[in-house]
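Heads up: the structure comes next, in structure tokens.
We did not get these values from a lab; they are worked out from the coordinates using the rules stated. Fair warning: this is a prediction, and the values are worked out from it, not measured in the lab. No Cβ is skipped: glycine too gets one built from the backbone with ideal geometry, and neighbour counts run over all protein chains shown.
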Amino acid sequence: MAQRSGLPPYVNDMLGALGFDESTMIRSLRYVEPVSSFRSTYAYTNITHLIAGRVVAKAEGGSDWNVVLREQLFDPLGMKQSSYTAGAIKAAPNHAEGYRYAPDGSVEVPFVHVPYNVGGAGDINSNIEDMAHWVRLHLANGSFEGQPLVSPENLAVTRTPKVAINDKTAYALGWILSQTPNGNLVWHNGGTYGFGSCVGLEFDKHIGVIVLTNQSNVGFPDAIGTWTLINFWAIHRSTTSPKHSSVRQRNILIMTKRLPNRRIYSCRLLMCRSASGVKMTLTKSHCFLREAWRALMRPRIASAGMPFDGSRRYS
């Protein structure tokens, strides 16, 4: 989980793309030579999450990782639309198809083996509403709707740096920790062959950001998510109407949606949640996102995505 196994980055991920099963992928690691000493160097791997999932299932008495996921996260958090199979997302009446960039336009990507055969590395299907429940759990230090689900101490361990990525960034347990002039960010991105995502938290300001896209992640979700976290308060002062000025903002949720067969993203801010739980839409949100886009991105998306965790989402 801390991505410091000593194995090469994304080791043997292509076995999953070729349809090999979980046990075969785990067994394949015994034939890989380490490229660094254990726990010394950051290198992201996916197959190691399969091993972690088996450890969790055995400790909790579940038949597999997804059973524990449903019983201990989805159900208590009311994540009723979330699932973890290709069949489930295809059966959902309101689901997004995935796309990848091509020089002559976007190409639809079918739901295939990856990420559903890599378990906890990224097999979750979800949407903005369900993901918001998960983000609120973290912002409330392990409680949801007044019910404690995880102890604050255990949750804090997941945000404790384990290995350095560079002088300003470290990896914890499933979280990237970044130091910026405007505060410390806790975030993670995701990307499969047709989807990209980013989830970020700023605990000092009590803000959470969720970005979901249905095109392979080439950096847009990460850029818009981290940019929003870093610049939220300056934008908030200029885009919120006076009648909302006295309401303390608790989190902001962003959705970006890839338009089929086009190279343009349609973006919108979904809502803020106040301390009293009132939902409200920010004014001038399109101007806000246009400014973020101009600050960070070129007009076109021009390369393929990378395998990562937690990125297949409903629209």
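Here are a few things to note about the model shown:
- Once backbone amide H atoms are built at 1.01 Å from N, Gly122 has Gly310 as its partners under 5 Å, excluding neighbours fewer than 5 places away on the same chain.
- Computed packing ranks the peptides 208-221, 124-137 as 208-221, 124-137, most packed first, by mean other Cβ atoms within 10 Å.
- Relative contact order, percent, the stretch 69-170 [alpha-carbon distance under 8 Å, six or more residues apart]: 22 percent
- As a proxy for reagent exposure, ranking Val55, Val112 by other Cβ atoms within 10 Å from fewest up yields Val55, Val112.
- Overall form of the stretch 1-156 per C-alpha gyration tensor (a/c, 1.5; a/b vs b/c): oblate
- Surrounding net charge for Arg4, when Lys and Arg each add one and Asp and Glu each subtract one, Cβ distance under 12 Å: +2
- Look at Arg159, Arg27 and count the other Cβ atoms within 10 Å of each Cβ; fewest to most, that gives Arg27, Arg159.
- Residues whose placed amide H lies under 5 Å from that of Phe144, excluding near-sequence neighbours: Leu149
- The HN-Hα couplings worked out from phi for the stretch 53-63 by the Karplus form 6.51 cos²θ - 1.76 cosθ + 1.60 (θ = phi - 60°) are x, 5, 4, 4, 4, 5, 5, 9, x, x, 6 Hz, whole numbers, x standing for Gly and Pro.
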